[in-house]
Amino acid sequence: MSSASEYGARPRVWFAAYQLLWHLLLPLAFIRLAWRARHSFAYMHHIPERLGFGYDKPIKQGSIWIHAVSVGETRAAQPLIETYLARGETILLTHMTLNGRRTGKQLFAKEIASGQICQVYLPYDLCWSVEHFLKTFKPKLGLFMETEAWPTVVFRCAEIGLPLFLVNARLSERSARRVNRFGKAGRALFQAFAGILAQTDFDAQRYRSLGVKNISIVGNLKFDVPLDPLPVEQGKLWKKELHESHRLMVCAASTRDGEETIILKAWKDLLLSNAFETAPLLCLVPRHPERFAEVADAIRSAGLKFRRRTEWTGIPRDCSGLDVVLGDSMGEMPMYYSAADLVVMGGSLLAFGGQNLIEACAAGCPVLLGEHTYNFQQAALDAIQTGAAKRIEGDLLLTESIALMQALKALLLNDAELASMSQAAKTYSIDHQGATRRILATLDQQNFSLN
């Protein structure tokens, strides 16, 4: 294993200022949790863990530590976690968000109950909280998912010789520029990882521009994540019922603040165009649960008839008379994708970088993308090239949703193109699998022992 001296050196002056800022802002972090507790008091649970204390006993040391900040990263880590569990390893699974923790508990309830997985919050990036966390659990290997790079954690792991890798790593051009603004300090942070296992050549090149040497290109773990068969089957039943009434459905998935206005305006214009014998149905699924009520108000203000998904037991039935179904449930994206004939991918209509289009493709659902897909740059390019996705042409803001409406209309009236895109989506998702195997092979070849 590499010695600590081979890692990026901790920038002392910058790091001291960073620690001072963290200590000054710590009260605001707890105020933010209390503010979010208006929607769910669960935000106030496990508060000591955020300071590196208060863990349930007994503590298992020597586990493989996987950090998945929120929902997307937790789902992406699933095949990696399952493979390590099959090898007989125990897992320390950490998160930063409540929804990430909930997702982990949902996916691995049995393993958490049996003690194979210990699930806690990653402490705030304070020197003393991180130190106590590391001394308590003493993991033998750390794997951070995608973009997480907390300076105190990363530099301390390097100093104590704990191999910490950034896996399924991605770095957009915007993020690379942001890191470079911090000069040597920013670059030292990524150089301090024991290695970076990047999704694409684009990502690898950006990490190399920061001076990182140990880089491997392994693909995207999200292609290896299996769809939950139960919601998939529910979605197929819902789709069958809709098609029996000659009705198509569009899913606007993981939408972000401001995008619903664009989508609802486009949808209203589409319905008013009278281009369809039977009007299609929109399933609108906001990314963040705390925005469900806000989005319901937006649908109401748009003058569209809707129901919340949670008003049904089982799959939504008898959607006649509805313009919109509000997807206000958690863990049911496979159902929405399997029921839809077309997906509008949220996060791409405005400058949020796009959300995960891979899950939609795995369900065989064609994808419409906005121009902002920098968080999934290679995946978006490949999906468009293979015919699984199309990019909406035109400036959505200047045309007041006309471009989106026209793209929806053109595809929904073209059964042959939808069918071709659906098949291409399935092929695309299968052809890009294998990241789990490549990640494990790369880690197994590193110069350290897990025994």
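The values are calculated or read from the model by the stated rules, or taken from the named source; none is laboratory data. All values reported here derive from a predicted model rather than from experimental measurement. Backbone-built Cβ (ideal geometry, glycine too); neighbour counts: all protein chains shown. Just so you know, the surface numbers come from the protein's heavy atoms only, side chains and all, with ligands and any DNA or RNA stripped out. Shrake-Rupley method; radii C 1.70, N 1.55, O 1.52, S 1.80 Å.
Highest mean packing first, where packing is the average number of other Cβ atoms within 10 Å per residue, the peptides 245-256, 381-392, 57-68 line up as 245-256, 381-392, 57-68.
Can you work out D for segment 208-295 in µm² s⁻¹ from Stokes-Einstein, where Rh is the Kirkwood radius over C-alpha pairs, the temperature is 10 °C and the viscosity is 1.306 mPa s? The estimated diffusion coefficient comes to 95 µm²/s. Per residue, the accessible area of segment 308-365 comes to 27 Å² when a 1.4 Å probe rolls over the protein heavy atoms. Rg over Rh for segment 271-316 works out to 1.01, using Cα positions for both radii and the Kirkwood form for Rh.
Here, segment 1-153 has an Rg and a Dmax of 15.9, 47 Å when only alpha carbons are counted. Segment 341-408 and segment 78-146 have their alpha-carbon centroids 33 Å apart. With unit charges on the beta carbon (Lys/Arg positive, Asp/Glu negative), name the residue among Tyr336, Gly72, Leu237 whose Cα is farthest towards the positive pole of the charge dipole of the chain. Ranked along the dipole, the leading option is Gly72. What the Kirkwood sum gives for segment 341-449 is a hydrodynamic radius of 14.9 Å, with every pair of different alpha carbons counted. Take the Kirkwood radius over Cα pairs of segment 113-204, plug it into Stokes-Einstein at 25 °C and 0.890 mPa s, and you get 172 µm²/s for translational diffusion. Counting only DSSP H runs of at least 4 residues, each contributing -39500 (n - 2.57), and dividing by the residue count of the chain, the helix-based mean residue ellipticity at 222 nm comes to -14000 deg cm²/dmol. Taking label points 7 Å from Cα along the Cα-to-Cβ direction, Ala17 and Ser420 give a separation of 5.6 nm. Report the full-extension gain for the segment Asp431 to Leu24: residue separation times 0.36 nm, less the Cα-Cα distance, to one decimal in nm. Once the chain is fully extended between Asp431 and Leu24, it gains 141.6 nm. Heavy-atom accessible area with a 1.4 Å probe sorts Thr373, Thr97, largest first, into Thr97, Thr373. Kirkwood analysis of the Cα pair distances in segment 145-260 returns a hydrodynamic radius of 17.2 Å. Of the residues Phe223, Ala176, Gly364, the one whose Cα sits farthest toward the positive end of the charge dipole of the chain, with +1 on the Cβ of Lys and Arg and -1 on the Cβ of Asp and Glu, is Ala176. Take Lys135: with every protein chain present and a 1.4 Å probe, its accessible area is about 130 Å². Of the listed pairs Lys105/Lys390; Lys239/Lys409; Lys222/Lys390, which have alpha-carbon separations greater than 25 Å here? Violating the 25 Å Cα-Cα cut-off are Lys105/Lys390. For the chain, the percent of C-alpha pairs falling in each 20 Å distance bin, counted from 0 to the bin holding the largest distance, reads 24, 54, 21, 1. Which lysines does Lys110 reach when only Cα atoms under 22 Å apart count, and residues fewer than 8 places away in its own chain are ignored? Correct list for Lys110: Lys57, Lys60.
On segment 112-179, 53 percent of the accessible area sits on carbon and sulfur atoms, based on a 1.4 Å probe.
Please name which of Phe202, His246, Asn214 has its Cα lying farthest along the dipole of segment 180-264 towards the positive end, using unit charges on Cβ (Lys, Arg +1; Asp, Glu -1) and the Cα centre as origin. The Cα lying farthest towards the positive end belongs to Asn214.
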